[in-house]
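Everything on this sheet refers to the single structure shown next.
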Amino acid sequence: MSDSVCGRLFCLVFFVVLNGILPYVATAELTLRPIGTFHTGLYDKSAAEIPTYCQKTKQVFVVNAESGRVDVLGLGDNGSLTKVGSIDAADDLGNGMSAVNSVSVFDGTLAVAVEADVITENGRVAFYDTGSLQLKGSVEAGALPDMVAFT
């Protein structure tokens, strides 16, 4: 496997035909080429998970479970990623909040799911402006809020 070619992707698709299964093998070329990377400096520590991208600011927001924060990465025109800031939602919210579990972006607003220090207590979802990174407000969520999304 080279840096530029992943190889053939084989997908086995099954079609149900009355009482049997008819296998169908589809092949397609798939080429993957890295355009940018970011190294947290930590290995095996859950320091970069659950990314979300904001087109308005060309920033990637990444849950850093090790620090309990959201890392903010700027995306350069050439695909380079540079850390431009971080959000400490637990500190912004206070009142017994702890680690960040999930992030999602929509129309210049970043939603951040934050668990409580006591995991059986309700957490919060904080809302930030993706340009200024300022807290806009928050709402109470259930215990260990996760997989936050805009609909």
> Tally Lys and Arg at +1 and Asp and Glu at -1 over the other residues with C-beta under 10 Å from the C-beta of ILE87: what net charge comes out?
Replying inline: -3
>> How high is the relative contact order of segment 49-143? Use alpha-carbon pairs under 8 Å, at least six apart in sequence, and give a whole percent.
In response: 20 percent
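Quick one: if the Förster radius is 22 Å, what FRET efficiency do ASN95 and THR151 give, using the C-beta to C-beta distance and rounding to 0.05?
Computed FRET efficiency for ASN95 and THR151: 0.20.
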>> Modelling each spin label as a point 7 Å along the Cα-to-Cβ direction, I'd like the THR40/TYR53 distance in nm, to one decimal.
In response: 2.0 nm
> Taking the mean number of other Cβ atoms within 10 Å as a proxy for protection, how do you rank 136-147, 67-78 from highest to lowest?
Replying inline: 67-78, 136-147
> Dipole of segment 27-151, Cα-centred, from +1 at each Lys and Arg C-beta and -1 at each Asp and Glu C-beta, to the nearest 20 debye?
Replying inline: 420 debye
> Hey, with R₀ at 41 Å, roughly what FRET efficiency would VAL118 and SER80 work out to, going by the Cβ-Cβ distance, to 0.05?
Replying inline: 0.50
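Bear in mind these aren't lab numbers, they're just calculated from the coordinates by the rules spelled out. Being a predicted model, the structure only gives us computed values, none of them experimental. Reconstructed Cβ throughout: ideal geometry from the backbone, glycine too, with neighbour counts over all protein chains shown.
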